[in-house]
Amino acid sequence: MKDFNDNLLSNPESFIDKLGDSYKKYTIFDNCALIQDEQRKKFCMIDMLTYAKQEQDINEAQEQFSQISRNLNDLETRLRQSKDIKESQDIANAISAEGTKIQLIYSNIQFQNTQYERQRRIKEEQRFQQTIKDLNTDYDTASYFRKANLIK
């Protein structure tokens, strides 16, 4: 996750191809092309890519949950047909292992969401700082007053 974030922050454009279809889903809502300022465009791209990556992670987790559900259904069928205590115990252990997988996937999703939200807060703060910097650069109050002959 850290490598992804570091790479994304250093070169967001390179991730458009890597995220492929996930990114393309979001291009219908892509307002980044409308942004003239390169720094703001980069922030926009990072947001888009982060949301696309988060969506991709959720889709992968859903696929894993679906596979676990199929496994549990198979195990349930085998358990009902089982006539041997040892086999029944082995199936019960397999069911328990599938439950552990569910917990791990769920914990991983929570961890990833926390990471994404932290990254969004950091980027929002960076955007805010950039806006303040731009305002100070674009509108130097002292220069304005000097030009208006209000101060020397």
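Given points 7 Å out from each Cα along the Cα-Cβ axis, report the residue 81 to residue 105 separation in nanometres with one decimal.
2.4
Multiply the residue gap between residue 89 and residue 135 by 0.36 nm, knock off their C-alpha separation, and tell me the result in nm, one decimal place. Before the final figure, lay out the partial values.
Working: separation 46, 0.36 × 46 = 16.56 nm, distance 6.88 nm.
Going from the current span to full extension adds 9.7 nm.
Using 0.36 nm per residue of separation minus the Cα-Cα distance, give me the extension gain between residue 113 and residue 38 in nm, one decimal.
On the way: separation 75, 0.36 × 75 = 27.00 nm, distance 2.76 nm.
Value of the extension gain: 24.2 nm.
Sort 53, 42, 86, 123 from largest to smallest accessible area, using a 1.4 Å probe on the heavy atoms of the protein chains.
On the way: 53 40, 42 65, 86 130, 123 20 Å².
Order by accessible area, largest first: 86, 42, 53, 123.
In the full protein assembly as shown, how much of residue 43 is accessible to a 1.4 Å probe, in Å² to the nearest 10?
Its accessible surface works out to 10 Å², give or take rounding.
When the chain is fully extended, how far beyond the present Cα-Cα distance does residue 73 get from residue 56, taking 0.36 nm per residue of separation? Present the calculation step by step, with values, prior to reporting the outcome.
Values: separation 17, 0.36 × 17 = 6.12 nm, distance 2.58 nm.
Going from the current span to full extension adds 3.5 nm.
The values are calculated or read from the model by the stated rules, or taken from the named source; none is laboratory data. Predicted model only: the values in this text are computed from it and were never measured. Cβ: placed from backbone, ideal geometry, glycine included. Neighbour counts: every protein chain shown. We work out accessible area using only protein heavy atoms, side chains counted, and drop any ligands, DNA or RNA first. Shrake-Rupley method; radii C 1.70, N 1.55, O 1.52, S 1.80 Å.
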